[in-house]
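A quick write-up on the structure given underneath.
The values are calculated or read from the model by the stated rules, or taken from the named source; none is laboratory data. The model shown is predicted, which means the values in this text are computed figures rather than measured ones. Cβ: placed from backbone, ideal geometry, glycine included. Neighbour counts: every protein chain shown.
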Amino acid sequence: MRDNFSFCKVYFCCWCCFSWANIYEMSEVIRRNIPKREGKHLIFPVNASLLKNSIIPLKWLCEQYDASITVWQSQQGAPVDVAELIYLRSKFPKNRVFYDLLPETMSEFVKVADDMKKKTRGENNRFLFCFL
């Protein structure tokens, strides 16, 4: 059952990222079709292979609707750049990003994040990480 939600297709201009046009389209669909969500939280699923050049627009979208994102990865998907995952973590509040990654990608991500934490320990701790 679809309740009161309207669904739309979002077309990617280059199949490698969310463009600002894609983000504005998503924002308009939400604004027009989803009523006030009192007590309900909006979560955007984002394919990890589309993160490159998409993080700032996605952050803007999440800020507009006090939303979160779930970064997911499929078996058949394009490879995921762990550096993009690290950059994402530095731009979003730790309680607004959730991960559904393949085990090998998650392991690499955790290792890089741990290495970064060790390097920053004793300094001004700028990075906070949350792993599921």
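Here are the numbers:
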item	result
Any hit, segment 14-21, residues being in contact with a strand residue (DSSP E or B) (Cβ under 8 Å, 6 or more places away or on another chain), loosely packed, with under 12 Cβ neighbours inside 10 Å, under 29 Å from Q75 (Cα atoms) and modelled with pLDDT under 85	no
All positions within segment 26-77 that are part of a loop (DSSP other than H, G, I, E, B), of a type outside the set (K, R) and closer than 22 Å to L102 by Cα	L51, N53, S54, Q73, S74, Q75, Q76, G77
Selection within segment 76-97 - closer than 14 Å to I56 by Cβ, loosely packed, with under 15 Cβ neighbours inside 10 Å and not hydroxyl-bearing (S, T, Y)	K91
Odd one out for D115 among (1) crowded, with 17+ Cβ neighbours inside 10 Å; (2) without any contact (Cβ under 8 Å) to a residue 24 or more places away in the chain	(1)
